[in-house]
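What follows is a set of notes on a single structure, which appears directly below.
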Amino acid sequence: LQVLHSMVSSGQTLHELKNGMQKFPQILVNVPLESSLDLDGSSLVQEAVKDVETQLADRGRVLLRPSGTEPLIRVMVEGENHDSVSEFAENIADAVRQAACS
């Protein structure tokens, strides 16, 4: 409904509106866990996320969440450069692995 609202209010076609969007590479890393992990309570994980968010600035995003169906944490990083995004995702995943072991 929001898309239709945008089309009507702007007077543009869906194709015209789509041209203003830029796709960014997105990397998802699944980190298996043997026991639960409090992501908010782990300073190691929080520092890794802050570091990546600082490097991405406003040109990407980070999302960490526990899977609802499996014992794992999903680490998603999105940004302009595929290689950087992949490295950032692995850095955060490493921090999650380290936090899970301690």
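The values are calculated or read from the model by the stated rules, or taken from the named source; none is laboratory data. Everything numeric here is computed off the predicted structure, so don't read it as measured data. Neighbour counts are summed over all protein chains in view; Cβ atoms, including those assigned to glycine, are modelled from backbone coordinates with ideal geometry. The protein model used for the area step is the full one, side chains on, heavy atoms only, and it has no ligands, DNA or RNA in it. Shrake-Rupley method; radii C 1.70, N 1.55, O 1.52, S 1.80 Å.
Values computed for the structure shown
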quantity	calculated
D51 vs. criteria exposed (fewer than 14 other Cβ atoms within 10 Å of the Cβ) and in a helix (DSSP H, G or I)	no
Where a residue in the stretch 34-55 is free of Cβ contacts under 8 Å to residues at least 60 places away in the same chain and its partner, wherever it lies, is aromatic (F, W, Y), with Cβ under 6 Å and at least six apart	V52/F88
In the stretch 21-33, the residues that are open to solvent by 70 Å² or more (accessible area, probe 1.4 Å) and over 15 Å from G68 (Cα atoms)	M21, Q22, K23, Q26, L28
Output for the stretch 4-40, where each listed residue is within 27 Å of R74 (Cβ to Cβ) and at pLDDT 90 or above	F24, P25, Q26, I27, L28, V29, N30, V31, P32, L33
Out of L63, L14, L39, sole residue that is loosely packed, with under 14 Cβ neighbours inside 10 Å and either closer than 18 Å to F88 by Cα or hydroxyl-bearing (S, T, Y) (or both)	L63
